[in-house]
Amino acid sequence: MGYTIAQKIIKAHLVSGEMTPGAEIGLRIDQTLTQDATGTMAYLALEAMDVPRVRTELSVAYIDHNTLQCGFENADDHRFIQTVARKYGVRFSRPGNGICHQVHLERFGKPGKTLIGSDSHTPTGGALGMLAMGAGGMDVAVAMAGGAYYINMPRMFKVNLTGKLPPWVSAKDISLEILRILSVRGGRGAIIEWGGEGIQTLSVPERATITNMGTELGATTSIFPADEVTREFLRAQGREEDFTPLASDPDAVYDRVIDIDLSALEPLCACPHSPDNVKAARELEDVRVDQVCVGSCTNSSLRDLLRVAAILKGRTVAPTVSLSISPGSRQVLQMLSACGALADILASGARVLECACGPCIGMGFSPNSGGVSVRTFNRNFEGRSGTRDAQVYLASPEVAAASAILGHIADPRTLGEYPEVQLPDRFTIDDSGVLLPADPEEAKSVEVVRGPNIRPMPLGEPLKDEISAPLTLKVGDNITTDHIMPAGAKILPYRSNVPKLSEFCFTVCDETFPQRAKAAGRSIIVGGANYGQGSSREHAALVPMYLGVRAVVAKSFARIHAANLINYGILPLTFVNAGDYDRLAQGDNLTISGIFAGLESGKFTLTDKTTGETFALACELSPRQREILRNGGLLAYTKEGKQ
């Protein structure tokens with residue numbers, strides 16, 4: 001039996017475990033990336049591990065999230081990350097140089113390499129044939145220190161693409177179609193490989209849109225072959241020497257195969273408030289639009305923005321619409337300017353923002369109250385835009401541009417002839433925005449600069465055999481990390497100040513939660529299915545730990561969040577009978593006893609002291625995870641030399 005692309009990379013990087021689906025495996029990591037919303041805590045953890053220098057082939061620290069500097073906090077975090085990167089051997093991508101996934105694709109990604117990043121959309125690198133995965137910042141710190149990255153061996157899905165995309169239909173529509181097929185839970189525990197003759201019609205930037213959006217399926221990652229299309233992209237970036245061909249074996253076996261005929265697709269939109277709430281754009285033409293945002297790590301490539309510029313050329317944005325354009329990198333912005341496309345964008349009335357995440361994480365350009373925003377982004381979770389009652393639709397650059405012109409959600413096919421664009425044979429190469437670290441000898445004298453907003457990393461407490469605590473919060477299905485630990489311009493500046501950040505924990509769901517959790521001292525949270533989906537932000541585990549949360553009981557968990565809970569010493573428990581969720585009420589006093597025995601057996605019992613009822617819970621843990629929990633978290637476990 002042959003191997004899939006992902007299985008080949010896993011086999012070459014396996015340091016522990018066996019490649020049996022569901023079994024825990026440890027992988028050697030070649031590259032890491034961080035961004036500034038999660039990077040500060042990752043580097044605080046790295047410092048605490050007492051490692052003089054990172055041990056990966058390449059690690060890059062990007063500044064792309066917290067670039068709105070309304071006070072000293074973000075600027076201080078940037079200075080801290082810059083100095084710690086210089087000291088520990090990490091490259092530093094300066095503010096304005098671009099979004100981590102776009103820049104990494106352009107300048108650093110290599111077929112066949114492993115990459116983990118403290119951002120859930122790190123699977124973007126799969127467009128180059130990388131095994132690229134999102135992870136918590138603590139896991140990234142361990143990898144930088146030379147430790148393995150642990151996951152459960154995924155199942156393998158294959159998506160076969162046939163035909164060719166019709167005019168006005170794009171890679172974003174492929175992503176929305178697979179979300180319509182699988183849902184935001186359908187990829188859990190799987191790696192999605194894209195193949196079929198249809199992939200030959202897709203450029204690397206188009207493939208990157210698809211691997212980026214694969215995160216919204218709950219998949220471990222997504223991956224394309226490294227083929228001649230890959231080679232051409234790397235050659236255009238002046239990096240052809242980084243190319244290695246990579247394909248699955250003809251007799252590779254997949255757990256599920258999905259066929260999509262590209263020629264049958266049409267322009268699509270994801271409606272509020274979930275990426276899998278997909279409808280045809282033509283069905284939504286009565287929806288008036290207040291705002292349109294083009295950009296994010298999903299659709300900010302040169303190809304995307306050349307297409308938008310061609311659509312906008314000679315046209316004007318509707319007077320009722322505010323349009324923003326966020327180039328994904330300085331390379332993209334420079335090339336837009338050089339070819340005249342930027343002038344066409346500006347002439348339409350669009351506002352050009354800096355090369356950063358910006359509106360995607362609520363960092364500026366929030367919609368008006370109750371407003372409708374059409375965005376080329378990857379998530380439309382409630383409140384993520386920075387406006388709680390906004391209605392956010394996800395769409396392709398083509399749908400976004402047409403909607404900006406016409407003032408309502410529009411099927412772009414109504415605009416007439418499709419404007420073809422051609423990518424250049426060579427991209428502008430200017431890596432001056434990436435600062436190199438000091439050499440090992442010079443690094444000894446580098447001072448790490450810390451501002452007053454940077455607080456020490458909170459530590460978890462060793463697990464006890466019994467947890468008795470009130471049920472301080474009960475939430476429903478598909479709770480995202482944006483619900484648990486919101487983003488946005490008002491909150492993100494406190495990412496390195498956990499005591500202050502804790503004031504916002506779960507306030508999207510219940511504004512009283514932080515105060516009640518502090519008063520309780522210890523608490524238990526109950527959630528529904530797919531608890532913790534979305535961003536990889538470890539703050540969604542770190543802050544509840546700081547507030548005294550000792551266990552989360554849910555119908556099911558998103559992969560990265562479950563790992564983050566364990567990393568911070570919080571038990572992630574699931575109901576054996578999903579219907580038991582309905583029998584627990586917020587405010588009940590709960591006890592989980594015999595925890596040490598439960599760690600070994602995977603079986604736990606919860607007693608509701610208020611009602612007298614008992615409930616069967618489960619938590620399948622590897623021996624390594626059991627030790628992490630016993631120690632109170634991954635940092636304490638790693639410092640004992642058990643990485």
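The values are calculated or read from the model by the stated rules, or taken from the named source; none is laboratory data. The structure displayed is predicted, hence computed values, not measured ones. Methodologically, a virtual Cβ is constructed for each residue, glycine included, from the backbone with ideal geometry; neighbour enumeration extends over all protein chains shown.
Could you list, in sequence order, all residues of region 367-386 that are under 11 Å from Ser324 (Cβ atoms) and among the hydroxyl-bearing types (Ser, Thr, Tyr)?
Ser373, Thr376
Taking the condition assigned by TED's automatic domain parsing to the domain that holds Gly129, under 19 Å from the mean Cα position of the chain (by Cα) and either charged (D, E, K, R) or at pLDDT 95 or above (or both), does Glu228 pass? Let's see the steps before the verdict.
On the way: assigned by TED's automatic domain parsing to the domain that holds Gly129: yes; under 19 Å from the mean Cα position of the chain (by Cα): no; either charged (D, E, K, R) or at pLDDT 95 or above (or both): yes.
Here the answer is no, as Glu228 does not meet what is asked.
Kindly evaluate Gly407 against the criterion of being surrounded by fewer than 17 Cβ atoms within 10 Å (Cβ to Cβ), at pLDDT 95 or above and in contact with a Lys or Arg (Cβ under 7 Å, 6 or more places away or on another chain). Lay out the reasoning, then the answer.
Details: surrounded by fewer than 17 Cβ atoms within 10 Å (Cβ to Cβ): yes; at pLDDT 95 or above: yes; in contact with a Lys or Arg (Cβ under 7 Å, 6 or more places away or on another chain): yes.
Spelling it out, Gly407 is indeed surrounded by fewer than 17 Cβ atoms within 10 Å (Cβ to Cβ), at pLDDT 95 or above and in contact with a Lys or Arg (Cβ under 7 Å, 6 or more places away or on another chain).
Can you find a residue in region 601-609 that is assigned by TED's automatic domain parsing to the domain that holds Val526, in contact with an Asp or Glu (Cβ under 6 Å, 6 or more places away or on another chain) and touching a residue at least 24 places away in the same chain (Cβ under 8 Å)? Steps first, answer last, please.
First, the residues of region 601-609 that are assigned by TED's automatic domain parsing to the domain that holds Val526: 601-609.
Keeping just the survivors that are in contact with an Asp or Glu (Cβ under 6 Å, 6 or more places away or on another chain) gives 602, 608.
Those left that are additionally touching a residue at least 24 places away in the same chain (Cβ under 8 Å): 608.
For region 601-609, residues assigned by TED's automatic domain parsing to the domain that holds Val526, in contact with an Asp or Glu (Cβ under 6 Å, 6 or more places away or on another chain) and touching a residue at least 24 places away in the same chain (Cβ under 8 Å): present.
Taking the criterion of being modelled with pLDDT under 95, of a type in the set (D, E, K, R) and over 26 Å from Asp411 (Cα atoms), would at least one residue in region 194-213 satisfy it? Explain how you work it out, then say what you get.
Keep residues of region 194-213 that are modelled with pLDDT under 95, which gives none.
Within region 194-213 (the criterion being modelled with pLDDT under 95, of a type in the set (D, E, K, R) and over 26 Å from Asp411 (Cα atoms)), the answer is no, since none of the residues qualifies.
Would you mind finding the one in Ala135, Ala127 that is farther than 26 Å from Glu47 by Cα and within 19 Å of the chain's Cα centre (by Cα)? First the steps, then the outcome.
Working: Ala135 fails: farther than 26 Å from Glu47 by Cα.
None of the others qualify; the one that does is Ala127.
Quick check: anything in region 508-525 in contact with a strand residue (DSSP E or B) (Cβ under 8 Å, 6 or more places away or on another chain), within 28 Å of Gly214 (Cβ to Cβ) and of a type in the set (Ser, Thr, Tyr)?
no
Does region 451-463 contain at least one residue that is of a type in the set (D, E, K, R) and buried (at least 18 other Cβ atoms within 10 Å of the Cβ)? Explain how you work it out, then say what you get.
So the first thing to find is which residues in region 451-463 are of a type in the set (D, E, K, R), and the list is 455, 461.
If we keep only those that are buried (at least 18 other Cβ atoms within 10 Å of the Cβ) as well, we get none.
No - not one qualifying residue is present in region 451-463.
Mind checking which residues of region 584-643 are more than 27 Å from the chain's Cα centre (by Cα) and polar (S, T, N, Q)?
Residues satisfying the conditions are Gln586, Asn589, Thr591, Ser593, Ser601, Thr605, Thr607, Thr610, Thr611, Thr614, Asn631.
Counting only residues that are of a type in the set (Ser, Thr, Tyr) and part of a helix (DSSP H, G or I), how many does region 590-627 have? Let's see the steps before the verdict.
Keep residues of region 590-627 that are of a type in the set (Ser, Thr, Tyr), which gives 591, 593, 601, 605, 607, 610-611, 614, 622.
Subset that is part of a helix (DSSP H, G or I): 601.
Qualifying residue count, region 590-627: 1.
Restricting to region 448-488, what's the tally of residues that are in a helix (DSSP H, G or I) and among the β-branched types (Val, Ile, Thr)? Walk me through it before giving the result.
The first filter runs over region 448-488 and keeps only residues in a helix (DSSP H, G or I), leaving 481-484.
Checking the rest, the ones that are also among the β-branched types (Val, Ile, Thr) come to 481, 484.
Here the count works out to 2.
Since Phe513 meets every condition but one in (1) among the hydrophobic types (A, V, I, L, M, F, W, C); (2) over 22 Å from Arg624 (Cα atoms); (3) under 23 Å from the mean Cα position of the chain (by Cα), which condition does it not meet?
So the condition that Phe513 fails would be (3).
Across region 211-221, what is the number of residues that are under 14 Å from Ala171 (Cα atoms) and either among the aromatic types (Phe, Trp, Tyr) or touching a strand residue (DSSP E or B) at 6+ places or on another chain (Cβ under 6 Å) (or both)? Spell out how you get there, then give the answer.
Going through region 211-221, the residues under 14 Å from Ala171 (Cα atoms) turn out to be 211-214.
Going one step further and asking which of them are either among the aromatic types (Phe, Trp, Tyr) or touching a strand residue (DSSP E or B) at 6+ places or on another chain (Cβ under 6 Å) (or both), we end up with 211, 214.
Residues in region 211-221 being under 14 Å from Ala171 (Cα atoms) and either among the aromatic types (Phe, Trp, Tyr) or touching a strand residue (DSSP E or B) at 6+ places or on another chain (Cβ under 6 Å) (or both): 2 in total.
Could you tell me whether region 430-440 includes any residue that is assigned to a loop (DSSP other than H, G, I, E, B), in contact (Cβ under 8 Å) with a residue 24 or more places away in the chain and at positive phi? Steps first, answer last, please.
From region 430-440, those assigned to a loop (DSSP other than H, G, I, E, B) are 430, 436-439; that's our starting set.
Next cut, in contact (Cβ under 8 Å) with a residue 24 or more places away in the chain only: 430, 436-438.
From what is left, the residues that are at positive phi are none.
No - not one qualifying residue is present in region 430-440.
The rows are residues; the columns are (1) outside the structural domain of Ile570 (by TED's automatic domain parsing); (2) under 30 Å from Ile570 (Cα atoms); (3) over 27 Å from the mean Cα position of the chain (by Cα).
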| site | (1), (2), (3) |
| --- | --- |
| His408 | yes, no, yes |
| Asp430 | yes, no, no |
| Leu435 | yes, no, no |
| Asn453 | yes, yes, no |
| Leu459 | yes, yes, no |
| Leu473 | no, yes, no |
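For (1) out of contact with any helix residue (DSSP H, G or I) (no Cβ under 9 Å at 6 or more places or on another chain); (2) on the phi > 0 side of the Ramachandran plot; (3) at pLDDT 95 or above, each residue gets a yes or a no:
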residue	(1), (2), (3)
Ile467	no, no, yes
Asn478	yes, yes, no
Asp482	no, no, no
Ile491	no, no, no
Tyr494	no, no, no
Glu503	no, no, yes
Val508	no, no, no
Pro514	no, no, yes
Ala519	yes, no, yes
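Within the bounds of region 384-399, is there any residue that is more than 30 Å from Asp477 (Cβ to Cβ) and either at pLDDT 95 or above or buried (at least 24 other Cβ atoms within 10 Å of the Cβ) (or both)?
Within region 384-399, the subset more than 30 Å from Asp477 (Cβ to Cβ) is 397-398.
Filter once more, keeping what is either at pLDDT 95 or above or buried (at least 24 other Cβ atoms within 10 Å of the Cβ) (or both): 397-398.
The answer is yes, given that some residue of region 384-399 is more than 30 Å from Asp477 (Cβ to Cβ) and either at pLDDT 95 or above or buried (at least 24 other Cβ atoms within 10 Å of the Cβ) (or both).
Report the residue count in region 144-165 for those that are under 24 Å from Val103 (Cβ atoms) and under 18 Å from the mean Cα position of the chain (by Cα).
So the count comes out to 1.
May I ask you to list pairs of residues, at least six apart or on different chains, whose Cβ atoms are under 6 Å apart, with the first in region 482-501 being within 15 Å of Gly386 (Cα to Cα) and the second being among the aliphatic types (A, V, I, L, M) and surrounded by fewer than 20 Cβ atoms within 10 Å (Cβ to Cβ)?
That search, which allows pairs on different chains as well, returns Ala489/Leu68.
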